[in-house]
Ligand SMILES: Nc1ncnc2c1ncn2[C@@H]1O[C@H](COP(=O)(O)OP(=O)(O)O)[C@@H](O)[C@H]1O
Ligand SMILES: [Mg+2]
């Protein structure tokens, strides 16, 4: 294990975060606060309780997931795409470092940032609504697993993209819709029966549901299913990234 | 002593179907300065990239200091430093950060004293806190050299080190290369500037269209392929040469005021004595004479023409 190299990549990525502190931390906090104003205050005044939880509090786990997903993908995809774009990737490719270590450095940094962001959003949220966390251990587990999984997913997008448009494409066209439709702002029970079935095909639903369960002890699907879905997605991403490195996909000609 | 780099039957065909390397076999000796000489597009960068692990070979094997670059990539790559042809740097990083990053990436524990000394050697020390994007092209090239040296490599690749570089940096660089060689580092540089190979190299390899067409000690190459020319300034210009001198294949230059005789330094006899005697017999008198030796450039052009 080339610990120095992992540390170098991780440190490089974290330094990049520090340089762009405003857009990487302040911006999500502002947008989360806006969600609170719009959904929590405006809509929440009409919907008093969802399954016994005040609406303002009910949307917190979904909001955290929304930011976690989009930020993990954005960070990790940019982190690996940019050296490919600028050409500095030559150094990574010629270094005595294994694919696993490269992933650990980049994805570890992106996940760290997302987790910190999740914590910041939770803190921001607690200023607006009283929060209780029933299963803190599970909450932390879902937070870390989701951040790691979607950072890895972002890393894959960063390897796959051959232009800045493509870098935006997947988050914009796939992830954001899935997150909004994944029960971030409502319980699946609130949907018409037919749509409830459709919603079950949305992988993000399982993440939001599991995460919400760790707060309020209630979920749309079982915690086992949530955990299973997260792990399955993580496994799929790991397999894909392994294949990419083995074939040199878009990294080496 | 076993070669420090050995390339065996290496071929590379890019995804586009273009074959950039054809069955390359090459051995680099420990501690030498090796110049890989070839025109643009010959495959120099591809060859270096294959050795450094940036390009995947289509066939063949490569080892660095006895380590196979695929099976034993960690040991092999830890030995190698690469200064790429393109000025690819992180714009927002400081010089200090980027050079220390490289050292870590190559698996070495931090050593600020060594990095400081390297930056000083490259006249970069007072720029250490500058962001790279604020530096000139020449300074960026120095940063790339510092990055390549950051992990104290045993083998250093310089891909077109003089491209777009001012005289001062070129001289600094050549001085540095010699110092490194004296400390035991093996240096492989690619260039299409012949003077660079001529000035720096112990051995020269010529690559053209993906094939190594010649590898030779520079001195040997000069001797073997070097031709000399004897130029005679005539007292009176000649219209044409007398047929008696046909055997010498002389050329008339400068409106017949100069005679040029080309001879092989390798030959048993140069034929100069006979030529001078026959010139006197033909009544051709000269007022001055010079000899000149062909440069690597002449040799190189000759070689490529031969194969075309
Ligand atoms: N990624 C690539 N895909 C296809 N062809 C390439 C690629 N990289 C280089 N080539 C081609 O391979 C040949 C050798 O290129 P290169 O090794 O860069 O030559 P040199 O460094 O000697 O100028 C050139 O004709 C170039 O166009
Ligand atoms: Mg080149």
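Each residue in segment B:152-166 was checked for being within 15 Å of ligand 2 (Cβ to nearest atom) and under 14 Å from residue B:176 (Cα atoms), and 4 of them qualify. Number of residues in segment B:1-19 that are closer than 17 Å to residue B:157 by Cβ and within 15 Å of ligand 1 (Cβ to nearest atom) equals 3.
From the set of residues in segment B:61-74 that are within 17 Å of residue B:153 (Cα to Cα) and outside any strand (DSSP E or B), which is nearest to ligand 2 (Cβ to nearest atom)? The residue in question is B:69. Pick from segment B:100-112 the residues that are under 29 Å from residue B:30 (Cβ atoms) and more than 7 Å from chain A (Cβ to nearest Cβ): which of them is surrounded by the most Cβ atoms within 10 Å (Cβ to Cβ)? My answer is B:103. Taking segment B:79-99 as the range and being facing another protein chain (nearest Cβ under 8 Å) and in a helix (DSSP H, G or I) as the test, only B:97 passes.
Residues of segment B:32-58 that are more than 11 Å from chain A (Cβ to nearest Cβ), within 25 Å of residue B:217 (Cβ to Cβ) and out of contact with any helix residue (DSSP H, G or I) (no Cβ under 9 Å at 6 or more places or on another chain): B:34, B:42, B:43, B:44, B:47.
Condition first: at pLDDT 95 or above, buried (at least 16 other Cβ atoms within 10 Å of the Cβ) and near ligand 1 (Cβ under 8 Å from one of its atoms). Can you find one or more residues in segment B:23-30 that meet it? Taking every residue of segment B:23-30 in turn, none turns out to be at pLDDT 95 or above, buried (at least 16 other Cβ atoms within 10 Å of the Cβ) and near ligand 1 (Cβ under 8 Å from one of its atoms). Scanning segment B:18-60 for residues that are away from ligand 2 (no atom under 12 Å from the Cβ) and part of a helix (DSSP H, G or I) turns up B:50, B:51, B:52.
Scanning segment B:6-17 for residues that are surrounded by fewer than 16 Cβ atoms within 10 Å (Cβ to Cβ) and outside any loop (DSSP other than H, G, I, E, B), we see that the one that is nearest to the other protein chains (Cβ to nearest Cβ) is B:13. Note on segment B:116-140: among residues that are within 14 Å of chain A (Cβ to nearest Cβ) and within 27 Å of residue B:44 (Cβ to Cβ), the one that is farthest from ligand 1 (Cβ to nearest atom) is B:132. One residue stands out among those in segment A:86-114 that are part of a helix (DSSP H, G or I) and free of Cβ contacts under 8 Å to residues at least 40 places away in the same chain: the one that is farthest from residue B:104 (Cα to Cα), which is A:86. Checking every residue in segment B:240-249 against the condition of being in contact with a strand residue (DSSP E or B) (Cβ under 9 Å, 6 or more places away or on another chain), in a strand (DSSP E or B) and away from ligand 1 (no atom under 16 Å from the Cβ) gives zero matches.
Restrict the check to segment B:90-99 and report whether at least one residue is modelled with pLDDT under 95, surrounded by fewer than 23 Cβ atoms within 10 Å (Cβ to Cβ), assigned by TED's automatic domain parsing to the domain that holds residue B:205 and within 16 Å of ligand 1 (Cβ to nearest atom). Within segment B:90-99, none of the residues are modelled with pLDDT under 95, surrounded by fewer than 23 Cβ atoms within 10 Å (Cβ to Cβ), assigned by TED's automatic domain parsing to the domain that holds residue B:205 and within 16 Å of ligand 1 (Cβ to nearest atom).
Yes or no: segment B:59-77 includes at least one residue that is surrounded by fewer than 22 Cβ atoms within 10 Å (Cβ to Cβ), under 21 Å from residue B:180 (Cβ atoms) and within 7 Å of chain A (Cβ to nearest Cβ). There is no residue in segment B:59-77 that is surrounded by fewer than 22 Cβ atoms within 10 Å (Cβ to Cβ), under 21 Å from residue B:180 (Cβ atoms) and within 7 Å of chain A (Cβ to nearest Cβ). The test for being assigned to a helix (DSSP H, G or I) and within 14 Å of another protein chain (Cβ to nearest Cβ) holds for residue A:244.
The values are calculated or read from the model by the stated rules, or taken from the named source; none is laboratory data. Since this is a predicted model, take the numbers as computed values, not measurements. Virtual Cβ from ideal backbone geometry, glycine too; neighbours counted across all protein chains shown.
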